[in-house]
1. Add -39500 (n - 2.57) for each DSSP H run of 4 or more in the chain, then divide by its residues: what number comes out at 222 nm, to the nearest 500 deg cm²/dmol?
2. Treat every Asp and Glu Cβ in the chain as -1 and every Lys and Arg Cβ as +1, leave all other atoms uncharged, and give the resulting dipole magnitude about the Cα centre to the nearest 20 debye.
3. Residue by residue through the range 61-71, which ³J(HN,Hα) values in whole Hz follow from phi under the Karplus form 6.51 cos²θ - 1.76 cosθ + 1.60 (θ = phi - 60°), with glycine and proline marked x?
4. Sort H290, H319, H81 by heavy-atom solvent-accessible area, probe 1.4 angstrom, most to least.
5. Kyte-Doolittle mean at least -1.0 and Cα extent at least 20 Å along the axis: which DSSP H helices of the chain qualify?
6. Rounded to whole Å and ordered largest first, report the semi-axes of the equivalent ellipsoid of the range 216-302 derived from its Cα gyration tensor (root of 5λ).
7. Please identify every one of the trypsin sites (Lys or Arg not before Pro) in the range 109-162 that sits in a loop by DSSP and has no more than 10 other beta carbons within 10 Å of its own beta carbon.
8. Say the cut-off is 21 Å between C-alpha atoms; which of K47/K323; K61/K216; K53/K216; K71/K323 go over it?
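The values are calculated or read from the model by the stated rules, or taken from the named source; none is laboratory data. It should be emphasised that the depicted structure is a prediction, and the values quoted were computed from it without experimental measurement. Heads up, the Cβs are rebuilt from the backbone with ideal geometry, glycines too, and the neighbour counts pull from every protein chain shown. Ligands, DNA and RNA are excluded from the accessible area calculation, which covers all protein heavy atoms including side chains. Shrake-Rupley method; radii C 1.70, N 1.55, O 1.52, S 1.80 Å.
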Amino acid sequence: MDILVTIPDQHSRLKTFFNDTIRDRLNDLGSVTWNSGTEPLTQDELKSLLPGKQVCITGWKSSQMTEDVLKKAEDLELIAHVGGSVAPYVSDYSYDQGITVCSANDVMAKIVAEYILGSILSSLRDIPAIDAEMKAGEWDRGPTRIDSLFETTVGFVGLGTIGEYLLDLLAPFDVEVLVYDPYISDARIADYEFVTRVNLEKVLTESSIVSIHASKTDETIHLLDEPKLELMQDDSLLINAARGSIIESEDLIRELETGRISAVLDVFDQEPLPANHRLREFENVILTPHMAGSAIREPLTSTMVDEISRFKQNRALQHEIPKKQYKLMTEQ
């Protein structure tokens, strides 16, 4: 089996995908062509290197597998993406040619769900602010500044794989969960007695915590604008670890200025977030640099090496992305 890795081997951040153990495991599966540069392979480089390869491993910022590229890759059978959404990296033509596509979407979703739970607990307990005060010499045990997750109402804007994992994490807290997602069937949530499908307005008006899991599509860009944000309860918490553009940024800033709601934001319209961005000024916001899932990398790569091993042995794959799912994934 001939394998092409598009992730740059010498990029200081991206090379963390492949530690020595994972590298050795991949080398044991076949003849591996590594990208020895510092940038992802261009489409011209893919057209040059893909002929004769049965497997291609892609990652963040990899070039898209367009029709033009794939016409040069007649032997390609499997695209394994060491990230979540494959939408920016494959194409309809990939599926039309019968190429199997898989990704570490499930693994990343579990990690992001963990981040969201941690963010909820940290925010409700006001841990970042209390930590800063303690380090400044203060000792404020005011009982009104903290809250509990137990027996609260949590709203989901979109379910997705992240939301499904988050439901499992929330179950022990005796919460009620309201889900807005026009693309899911009742069967997706049938096993969760504490979950109810509702419209978006009900999610926003009846939830004390709102977490966004929707993909970025034409329908969801600026889905949460000023009229929608104004529906949120006083003292409620908004968490966005999906895509920044799902919330209209200026409308969110105006709402945060009132101090009526708080937020945890891992994603932004502009990334990296400019040093002078208004969001950095608010005490009622926790900011992280788009690292809810991507900062933990070795499990993503290890999962794809496992998948390539299954593929080589003609065993059933565990992380295949069917075309229907690919069409609903975040495009960028």
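1. Rounded to the nearest 500, the figure is -9000 deg cm²/dmol.
2. 1020 debye
3. These are the phi-based 3J(HN,Hα) values: 6, 5, 5, 6, 7, 7, 4, 4, 5, 6, 5 Hz.
4. H290, H319, H81
5. Correct list, ordered by number: 105-124, 298-312.
6. One finds semi-axes of 24, 15, 13 Å for the range 216-302.
7. Hits after loop and neighbour filter: R141.
8. K47/K323; K53/K216
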